[in-house]
1. How large is the Kirkwood hydrodynamic radius of region 153-275, counting all unique pairs of alpha carbons, in Å?
2. In whole percent, and with a 1.4 Å probe on the protein chains, what portion of the accessible area of region 325-450 is carbon and sulfur?
3. Positive end of the dipole of region 351-497, charges at C-beta (+1 Lys, Arg; -1 Asp, Glu), about the Cα centre: which of 495, 474, 452 has its Cα farthest in that direction?
4. By average Cβ neighbour count within 10 Å, what is the ranking of 400-413, 144-157, 368-381, 311-324 from highest down?
5. Could I have the simple spin-label model distance between residue 184 and residue 379, label points 7 Å from Cα toward Cβ, reported in nm to one decimal?
6. Might you tell me the accessible area per residue for region 269-397, computed with a 1.4 Å probe and given in Å²?
7. Tell me, in nm to one decimal, what length is gained between residue 217 and residue 257 on full extension, where the rule is 0.36 nm per residue of separation less the Cα-Cα distance?
8. Where q = 0.12, 0.15, 0.19 Å⁻¹, what log10 of I(q)/I(0) comes from the Debye formula for region 317-400, counting one point per Cα?
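The values are calculated or read from the model by the stated rules, or taken from the named source; none is laboratory data. Every value quoted in this text rests on a predicted model; they were computed, and no experiment measured them. Counting neighbours? That spans all protein chains shown, and the Cβs are built from the backbone with ideal geometry, glycine included. The area values use the complete protein model at the heavy-atom level, side chains included, leaving out ligands, DNA and RNA. Shrake-Rupley method; radii C 1.70, N 1.55, O 1.52, S 1.80 Å.
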Amino acid sequence: FPQSPSVHPDRPDTSHPTPPTKMFTRMAMGGAAALGAAFTLHKKVEADTQITTVTTTTVTTTTTKTETIKDADPNYPPHGLSENVQKLPEWIQLGCGDAYYICPERGATFPADDCPDEFPDLSKHNNFCANYLRDHPEVYHKYKHKKTATGVPFAICIKTGMDNPGHPMIKTVGLVAGDDTCFDEFEDLFEPVCSARHGGWPKGAIHPTDMNIENVSSTKIDPSCDADGNCDFIITSRARTGRSVRGIRLPPACSFEERRELERVVVSGLLKMTGDLKGDYFPLHGSRSYAAKPNGMSLEKEESLRNNGNLFQEPDSTLLLSSGCGRHWPDARGIFHNEAANLFVWINEEDHMRIVSMQKGDDIKAIFSRFSKATKTVQEVLVSEGYDFMRHDHYGWILTCPSNLGTGLRAGAMMRIPLFSSRPDFKDICGKMRLQARGGRGVDSAAEGGIYDISNADRLGKSETTLVNIFIEGAAQIIRWEKMLQQGMSIDHLLPK
């Protein structure tokens, strides 16, 4: 399949292998911002880098001094752009340095450190965040100069929704969290936006969690599958979600040092996994953050992972760039995978962690078990170092984009169902079953040969095992209908009303 992970009803999913293709960033979320001046593309210099700072001494007088920062590399973050990024188009480079994304050419002009006093023109916007603020400008004025206790400005949270009016295929959220306290500190915006995005999640409701493998349905999805995972209808199956680490700000707001600490502590946990989970960590090519691989993975390894749909690439969307998640690229980003290459963990892309467990065939129970063991092992290491996963009673597991709150879970399969999917009401039927149907390369793509990515539609309000079971029972039913259609039988009387 093409994700998560991103993991994401609002973005293309790349957790299933696909033919080589440009994997566009999936982030249909909300914003990040500018905690400093717009990044100026640098020139290569020889020795140390000189940084000019301005210190205010009176209301009307400033003094300027120049200081030399030892070993500051003008060709690597945070003082410059990496050589990898220097090869990208300028509009992408502007979001991969130390500053937040400002690119008038792409309409990205909303500041990240503090909102303008004047309410922005949202007359042409259509995302959840902008729509709510347009109807409730008092919320904008209430929070426009506010920050959380960790220093996350309200401006960062809404920047991507202000810079990006809308998306032609989907209604994006237009809002991101910079830390786990944003949901409470900026409650008057996050609460209604999250509720609207998740179909009316009631205020004060408690999100359930259940990772007990014993509660997963034993229904056989595709009876044609053999022991090697070769099936008539199911191509590959997977479960994916994300996790965030409490005590470290989320990618839209984290510092260069915080991102490296996140990589250190999470990789420490991943490398302690044994048995069928044992594997290795591969930083992005050009990353200098990981001592064991000081220049990251080889270019050949990186291209192989991307061509198989298992690795994210540089931020290539203004949705992601405006969120702030592209800063300092590619430092402290990478992927862990086990020796069998059926468990993948992305580090520091859009979320702290994106976890994907997958394999050929329909054994979603084995996939969920592997996925559950991996998250448990990492959490144990985090707790031993004074960290833990971010979780909120109302919103469940906290991730960057509100669309992934709750479980953040997508359990699904790439399915070959040409007859059933040719019905004009195909996607409506899936929706009534609480399933989502996407083309093989994600939410924006067309299906080829009747192959669709079918997964659970919900994230918030239902537990992990409940969502997995919705997928299992729904996918099994779809295959039964496909078989009936192959035999020339009608299924109209069996469809949900």
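1. Radius from the Kirkwood sum: 18.8 Å.
2. C and S fraction of accessible area: 49 percent.
3. The residue sitting farthest along the positive end of the dipole is 495.
4. 400-413, 311-324, 144-157, 368-381
5. Those two pseudo-labels are separated by 2.0 nm.
6. 32 Å²
7. 10.1 nm
8. Debye output, listed in q order: -0.47, -0.72, -1.05.
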